[in-house]
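Written below as structure tokens is the structure these notes are about.
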Amino acid sequence: MRIASVSLLSAFARLPSLIRASATAQLPASVPIKSYCAAISPRSLHSQSAAMTLPERKPFTADFFFRQLFDTESSTYSYLLADASSGEAVIIDPVLEQAKRDAQLVKDLGFKLKYAINTHMHADHITGSGWLRQLTGCQSVIAAASGAKADRHIAEGDRIEFGRHSIDTLATPGHTNGCMSYVIKEQGCVFTGDTLLIRGCGRTDFQEGSPKSLYENVHAKIFSLPENYRIYPAHDYKGQLESSVWEEKRYNPRLTKSIDQFIEIMENLNLPYPKKIDASLPANRECGVYDIPKE
Ligand SMILES: [Fe+2]
């Protein structure tokens, strides 16, 4: 450390005196270097003022295990959550092709997977809940309204417990008629499936989708949560990992519009027919159990 400081000083001493003078002249003695750097950058100024209004982030409790997992092909996020004390775990929105990875992770960490929970009946990939059920002995969970088979069917208000932690369920149909969002109040987070994505939302043009329902449910049930709640979606296509209620209420380009404008946007997206829908829906209706790869 001392050697580095000495060599830095001697290097500075070798600078031509004119350069030295102009460099020091830009640094008023009364302004600390840190705030000087912020002051000269408009971008820093902007982020500094945003930071002052951001709601305070709530850390997860020490006994809450959280792991975000990703499937590159479908850009799906799965979430392994556990009570670190008892080892009871759940996974939200597992993907068939990643079931072995997820089961191995559960085993490595010494957890017992209690539930594989789906936010809805996916159209773009096959759920991993059926295969995880076979690999780990967990139970599959989905909303009764989805029309899909599962070991446990849920409706709004049901509570899903793992160890001392629990998930509160909200019915948030709109992307599909069976969409649920999962809230963990103590940790200040909500898993929104495809109902609310980061700066976006799920499409509403199939599976009994309804832009009106989606808009109303997001506003009534998700945007009414505390603003510092973290939002964890089922997908992201741009590499963003999480958002917050505060952020989406301000910056979601669709859901900040009026309901009429939102419906117009959603009805004119002209999206292509989902590539895997013909394989995914029949498999997911059966909880993904009949399409398990043979080994
Ligand atoms: Fe979906």
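General observations
- If the condition is being more than 25 Å from the chain's Cα centre (by Cα) and either more than 22 Å from LEU69 (Cβ to Cβ) or modelled with pLDDT of 95 or more (or both), then segment 280-295 contributes PRO282, GLU286, TYR290, LYS294.
Condition check ((1) over 13 Å from the mean Cα position of the chain (by Cα); (2) over 22 Å from SER78 (Cα atoms); (3) touching a residue at least 60 places away in the same chain (Cβ under 8 Å)) across all residues:
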site	(1), (2), (3)
PRO173	yes, no, no
GLY193	no, no, yes
ASN228	yes, no, yes
GLN240	no, no, no
VAL245	no, no, no
LYS249	yes, yes, no
SER258	yes, yes, no
PHE262	yes, yes, no
PRO274	yes, no, yes
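- Sole exception among (1) under 30 Å from GLN134 (Cβ atoms); (2) touching a Ser or Thr at 6+ places or on another chain (Cβ under 8 Å); (3) part of a loop (DSSP other than H, G, I, E, B) for ASN228, by number: (1)
- For LEU80, the conditions (1) more than 21 Å from the chain's Cα centre (by Cα); (2) closer than 19 Å to ARG164 by Cβ are fulfilled apart from (1).
- In segment 206-234, residue nearest to the ligand (Cβ to nearest atom) [restricted to those that are of a type in the set (Asp, Glu) and modelled with pLDDT of 95 or more]: GLU216
- Top-ranked residue of segment 52-62 - restricted to ones that are at pLDDT 95 or above and more than 22 Å from ASP93 (Cα to Cα), ranked as surrounded by the most Cβ atoms within 10 Å (Cβ to Cβ): THR61
- Residue list for segment 251-278, restricted to those being loosely packed, with under 12 Cβ neighbours inside 10 Å and either more than 16 Å from the ligand (Cβ to nearest atom) or in a helix (DSSP H, G or I) (or both): PRO253, SER258, ASP260, GLU267, ASN268, ASN270, ASP278
- Residue within segment 84-95 that is crowded, with 24+ Cβ neighbours inside 10 Å, in contact (Cβ under 8 Å) with a residue 60 or more places away in the chain and not aliphatic (A, V, I, L, M) present: yes
- Picking from residues in segment 108-140 that are more than 16 Å from the ligand (Cβ to nearest atom) and part of a strand (DSSP E or B), the one that is surrounded by the most Cβ atoms within 10 Å (Cβ to Cβ) is ALA116.
- A single entry from ALA103, ALA99, ALA145 fulfils the requirement of being in a helix (DSSP H, G or I), in contact (Cβ under 8 Å) with a residue 12 or more places away in the chain and within 16 Å of the ligand (Cβ to nearest atom): ALA145.
- Filter result for GLY157 (on the phi > 0 side of the Ramachandran plot and either of a type in the set (Asp, Glu) or not in a strand (DSSP E or B) (or both)): yes
- Selection within segment 151-203 - within 16 Å of the ligand (Cβ to nearest atom) and among the small types (Gly, Ala, Ser): ALA171, GLY174, GLY178, SER181, GLY193, GLY200, GLY202
The values are calculated or read from the model by the stated rules, or taken from the named source; none is laboratory data. Fair warning: this is a prediction, and the values are worked out from it, not measured in the lab. Backbone-built Cβ (ideal geometry, glycine too); neighbour counts: all protein chains shown.
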